[in-house]
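Below is one structure, written out as structure tokens; comments come after it.
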Amino acid sequence: MMKKIINFLLILTISFSTLSCGGLKKVDQRSRPTDPEERRRQAVNEGRGTGINDLFRKGGKGTNFEFSSSNPMWRASLETLDFLPLTTVDYSGGVIITDWYSEGGNNDSIKLTVRFLSNEIRSDSLKIIVHKRICNTSSNCRTMVSQSNVIKDELRSTILRKAALLQKSSKEKK
């Protein structure tokens, strides 16, 4: 009796695994490309996944990993903000957040948030938020988002200028 139950479960498991893998799906070989590169591309477009070879393909056709040192916008932003204490620097999330900064004995301090909306060197690729904190005493502080565009515009133009120069120098090296 136990042997029949085990055989039944084995047949049931094999049936379900075959059906879940698309075992009953017919594929017309005439519609498949003969070039392996085209077959891989078609498989990915149809949602059937990709092979291990796609990860290690040569010639720049595989996954494009871009490191922070090769991104001119990121490098220009860090170079521009290097005088400020940084609290969060997340390349994969595309955000730089500084700590509160005040110059001298002022009661005013600012905090900057720079978000990267794209890697292109354009003015709409950056979203800059300036937070301003005004303290009357050490315990009485008021925080707000600065409505003044002077700091934002100056920071954006400096970052874009440096990024353009970094991109130009990297192209000249190649």
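Read-outs throughout are calculated quantities, based only on the coordinates presented, and are distinct from any laboratory measurement. Please read these numbers as outputs of a predicted model, since none were measured by experiment. When we count neighbours, we look across all protein chains shown, and the Cβ atoms used for this are built from the backbone with ideal geometry, even at glycine.
Numerical summary
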{"read-out": "Full-extension gain in nm, N149 to S102, via 0.36 nm per residue minus C-alpha separation", "value": "15.1 nm"}
{"read-out": "Segment R41-R122, length gained on full extension (0.36 nm per residue, minus Cα span)", "value": "26.0 nm"}
{"read-out": "Q167-F16 FRET efficiency (beta carbon distance; Förster radius 45 Å; 0.05 resolution)", "value": "0.25"}
{"read-out": "Within the stretch 93-174, GluC sites (Glu not before Pro) in DSSP loop having at most 14 other beta-carbon neighbours inside 10 Å", "value": "E103, E120"}
{"read-out": "Filtered trypsin sites (Lys or Arg not before Pro), the stretch 76-142: DSSP coil and at most 12 other beta carbons within 10 Å", "value": "R122"}
{"read-out": "Estimated inter-spin distance, T137 and Y91, nm [label 7 Å along Cα→Cβ]", "value": "4.7"}
